[in-house]
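One structure is given here, and the rest of the page talks about it.
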Amino acid sequence: MALLFSVLRVLLGLFFAVSGVVKLTDQIAGDAHRQLKTKFVQFADVFPLKEFGYKPEPGMYMEIVGWMELIGGCLLAFGPQLLQEISNFVLTVIMIGAIYTLLVLKEPFVMCVPATVSLGLLLLLNIRGRGKCLKSKSE
């Protein structure tokens, strides 16, 4: 079972790393990158901190999310346990923000599926990690 969770962690980390790279450059998936640039204009309009007077510049917003996904994905996949847990938390927050944004924009349900599945898998890994910690403390 531990091997299954290790494989899931690596695959999910690689998924986030690739997702981050697509946001950072048009060299891998040009069409997806261009679509994301357009979408991030809308995402910036409904940014959760907008209510407090902060609206990010869409290009910078996409770049920051891209770097966070790239670094977080690499750390989730290959980092030491502490950095895996921190990256899991950061990626979880990003996915919650993505779901919030898509719901506020009233995007079709199918658009929420990748973020929702990713969030579920991150939470599964987090619960698995917590269970492992609790088990080792009780022994």
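The values are calculated or read from the model by the stated rules, or taken from the named source; none is laboratory data. Just so we're clear, the structure is a prediction, and the values are computed from it rather than from any experiment. When we count neighbours, we look across all protein chains shown, and the Cβ atoms used for this are built from the backbone with ideal geometry, even at glycine. The protein model used for the area step is the full one, side chains on, heavy atoms only, and it has no ligands, DNA or RNA in it. Shrake-Rupley method; radii C 1.70, N 1.55, O 1.52, S 1.80 Å.
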_Solvent exposure of segment 14-97 as accessible area per residue, Å², 1.4 Å probe_ = 58 Å²
_Between helix 30-45 and the chain, what is the angle of the helix's C-alpha long axis to the longest principal axis, kept within 0 to 90° and rounded to the nearest 10?_
80 degrees
*Quickly work out the Glu57-to-Ala2 label distance, labels modelled 7 Å from Cα along the C-beta direction, and quote it in nm with one decimal.*
4.8 nm
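Computed FRET efficiency, Cβ-Cβ of Phe78 and Tyr100, R0 30 Å: what is it to the nearest 0.05?
Numbers: r = 29 Å, r/R0 = 0.97.
Approximately 0.55, to the nearest 0.05.
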*Could you give the angle, 0 to 90 degrees to the nearest 10, between helix 81-104's Cα long axis and the longest principal axis of the Cα atoms of the chain?*
40 degrees
*Angle between the chain longest axis and helix 2-24 axis [Cα atoms, degrees, rounded to 10]*: 20 degrees
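If a/c stays under 1.5 just call it rounded; otherwise compare a/b with b/c (prolate if a/b is bigger, oblate if not). Do that for segment 18-110, with a ≥ b ≥ c from the square roots of the Cα gyration tensor eigenvalues.
On the way: a/c = 1.84, a/b = 1.30, b/c = 1.41.
Oblate, because a/c is 1.5 or more while a/b does not exceed b/c.
Using the Cβ atoms and a cut-off under 15 Å, what net charge is assigned to the surroundings of Leu49, where Lys and Arg are +1 and Asp and Glu are -1?
Working: positive: Lys50, Lys55; negative: Asp45, Glu51, Glu57.
For residues surrounding Leu49, the net value is -1.
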*List the residues of segment 90-113 whose backbone N lies under 14 Å from a point placed 7 Å from the Cα of Val46 along the Cα-to-Cβ direction.*
96-113
